[in-house]
Amino acid sequence: MTALRGVGPRVAEKLKRLNICTVQDVLFHLPLRYEDRTRITPMGSVRAGEQVVVQGEVDLAEVKFGRRRSLLVRISDGTGALTLRFFHFNAQQQSGFVRGRHVRCFGEARNGTVTLELVHPEYQLVAADATLEGEEHLTPIYPATEGVHQLTLRAITEQALQQLERGGAHALTDWLPTRLESQFRMTTLPAALRYVHRPPPDAAVELLAAGSHPAQQRLAYEELLAHHLSLRRLRQRAEHTPAPPLAGKQQLATRLLEGLPFTLTAAQTRVIGEIRADLARGHPMARLVQGDVGSGKTVVAACAALAAVEAGYQVALMAPTELLAEQHFRSFGDWLAPLGVELVWHTGKLKGKARAATLEAIGKDTAAVAIGTHALFQDEVEFARLGLVIIDEQHRFGVHQRLALRDKGRAGEQRPHQLVMTATPIPRTLAMTVYADLDTSIIDELPPGRQPVKTVAIGQERRDEVIRSVQKACTDGQQAYWVCTLIEESELLQCQAAENTAGLLTEALPGLRVALVHGRLKAAEKESLMQAFKQGDIDLLVATTVIEVGVDVPNASLMIIENPERLGLAQLHQLRGRVGRGSQQSSCVLLYQAPLSDNARERLAVLRETGDGFEIARRDMELRGPGEVLGTRQTGEMQFHIADLLRDEALLEAVEAGARQLLECCPQNVAPLIRRWLGEAADFGEV
Ligand code: ADP
Ligand code: MG
């Protein structure tokens, strides 16, 4: 890096924060957007709101002491005059604006008091005879970091591009076979890079801004390919990794199913079959089960668990929240304990003797099934014979966590099997790319007799009406949720606000048994409240979004969601999935606060129109982007330089095909290609 001009050890250190360590990294640090500074606009024809480059002479510079001290510089070019306004400036800057000096500025014109103004423009003092030519290219704006300015980034990309052109020591290898390039009629790699860093003045600006210029698409394709290949490589590795074969007569599962009050749907049976086939092999399963809310994933997981237990191995079941872990502990307890299977429960809140006892049971193999939160995977938890890891609601866990878990139960060379379950369906093409390390099963059928949840949106001004309908429903023997979605930063404030709501509702509904659950309750309290609700001892459960995932109370048939406009579609769909679990008609009231933004209105409309999780996921992605939908923003994985999963969805099929070709014709290119785009992080999974 330091071979580049202007990059000393200090700058090199800062560039590392942008993941730029080599000249190649410089080339792959791509602009976020572009500005057009190729033409110099005569001042007389500048309009308010336009971004312009102007060049002219300083007429006057003065410091004004108004409400805010500011430096005003009047400039003119014979066609008109403009004022530059600076609020932050130093003496050196001030003294540079000498009457008669020439200056070139770039900024957005706004209406000012006397003339149009450029507030804090970028500017450069130039010679009096400076040409009136603009920049040669559109000006790239790069992702920057503190202490590394656009000018620095432009200077070093310039050098890297020159090296690329000379094809010297740092020439870039094109890892894609030419066959692929011609097939997709793609620009060559150096040409694409040059174009993206320095688009010509006549470039299609709209295409560039949208990221859909062929040069950008060429790079996006390569990036998606690299991601896809890295996940495929993980899967290949699994083929060479041993795992305990968990095959058996399935006597335990058969007994479980015989004891259930319902029969499995065809989809559940099929998915259980797919899981059993995986488990019987001597390599670790990595399977994603997608099934809409209420499709019955829990019993599928229980059957998988029993296969492991029957083969003499332990099972770890991890849920994203304590409440959900408790609930699973209870369902699994009801189902598995009668079969003589020992279960334990473990979360971060477990303390003292109880904790020690749990850890011992896990370590000595007296507990066959451990259920809990991610606390299960902390260092002090040591499984004696872990054979299967089940992760519920996987969109909350990222790829890195998934991989860390795979290593948790390793015994010598062996790894445990892994089953992940999600209620957030992911469109197929997307799944191929981002979950290429997993096999997928889909439970595409709901248990019979379910009726879609009737959904209405009602404004807060009709709150009283809504409260009366809760009154009526509960008097008729139904049960209801009232969900408070609060934006307060701290959990404490959220809980207080929920307490207020619960208080007001208790007052407004004197005949009903109202209870409150929120994140700050002790696990045991939460658990006993949920139990009471399940048994019908509570009519109205006021809750924060802690009930979002997995809570299962079939008799609850009415849900009020306050301020649904604050939540994403997937989250709302999850919440709504808490009702409509029994056979009676259920309803959901979206009690919104007017006025709604367009986006919020659209989100609520989607929810009213459809109950299909796949359709909702698709619309959610359009409205919010895949990063949010996949929950990757929180986990920081799947960050792309240039690709965008939604925009580039059309490329995904070609990515799959390209991956196959590349693996066939030049497998040796795979590793360097992955390293180019993902850096060393690509080797997650390598232990
Ligand atoms: P999810 O897929 O959202 O995790 P659950 O596993 O919680 O769904 O199941 C939702 C409800 O449906 C539970 O009460 C469960 O016992 C019940 N259930 C599961 N499978 C069936 C089935 N085949 N027929 C009837 N009810 C079922
Ligand atoms: Mg569930």
Task: Relative contact order (percent, whole number), segment 211-320, Cα cutoff 8 Å, 6+ residue spacing - done: 34
Open item on the list: Under 8 Å for C-alpha pairs, at least 6 residues apart: give me the relative contact order for the chain, rounded to a whole percent.
Closed with: 13
Task: Helix-only [θ]222 nm of the chain, DSSP H runs n ≥ 4, -39500 (n - 2.57) each, per residue, nearest 500 - done: -12000 deg cm²/dmol
Open item on the list: Need one word for segment 432-572: rounded, prolate or oblate. Basis is the Cα gyration tensor (sqrt eigenvalues a ≥ b ≥ c); a/c below 1.5 gives rounded, then a/b vs b/c decides.
Closed with: prolate
Open item on the list: Between Q378 and T145, what's the calculated FRET efficiency when r is the beta-carbon distance and R0 is 41 Å? Round to 0.05.
Closed with: 0.80
Open item on the list: Filter K408/K534; K16/K351; K14/K408; K454/K526; K16/K64; K14/K64 down to the pairs with a C-alpha to C-alpha distance above 30 Å, please.
Closed with: K408/K534; K16/K351; K14/K408; K16/K64; K14/K64
Open item on the list: Show me the GluC sites (Glu not before Pro) within segment 420-499 that DSSP assigns to loop and that have at most 14 other Cβ atoms within 10 Å of their Cβ.
Closed with: E488, E489
Open item on the list: Loop only by DSSP, 16 or fewer other Cβ within 10 Å of the Cβ. Give me the trypsin sites (Lys or Arg not before Pro) in segment 236-293 that pass, ordered by residue number.
Closed with: K249, R281
- [ ] Multiply the residue gap between E507 and A3 by 0.36 nm, knock off their C-alpha separation, and tell me the result in nm, one decimal place.
- [x] 174.1 nm
TODO: Quantify, in whole percent, the carbon and sulfur part of the accessible surface of segment 199-268 (1.4 Å probe; protein heavy atoms only).
DONE: 58
TODO: Mind running the shape call on segment 503-562? Use the C-alpha gyration tensor, a ≥ b ≥ c as the square roots of the eigenvalues: rounded below 1.5 for a/c, prolate if a/b tops b/c, oblate otherwise.
DONE: rounded
TODO: Enter the accessible area of W677 (Å², nearest 10), with the probe set to 1.4 Å and all protein chains included.
DONE: 10
Open item on the list: Not counting ligands, DNA or RNA, and with a 1.4 Å probe, what is L116's accessible surface area in Å² rounded to the nearest 10?
Closed with: 30
- [ ] Could you name the aspartates and glutamates whose alpha carbon sits less than 20 Å from that of K522, not counting residues in the same chain fewer than 8 places away?
- [x] E322, E326, E491, E499, D537, E548, D552
Task: Under 17 Å from the A266 label point (7 Å along Cα→beta-carbon), backbone N, segment 449-468 - done: 449-450
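The values are calculated or read from the model by the stated rules, or taken from the named source; none is laboratory data. Quick caveat, the model's predicted, so the values are computed rather than measured. All Cβ positions, even for glycine, are placed from backbone atoms using ideal geometry, and neighbour counts span all protein chains on display. Calculation scope for accessible area: heavy atoms of the full protein, side chains included, ligands and nucleic acids excluded. Shrake-Rupley method; radii C 1.70, N 1.55, O 1.52, S 1.80 Å.
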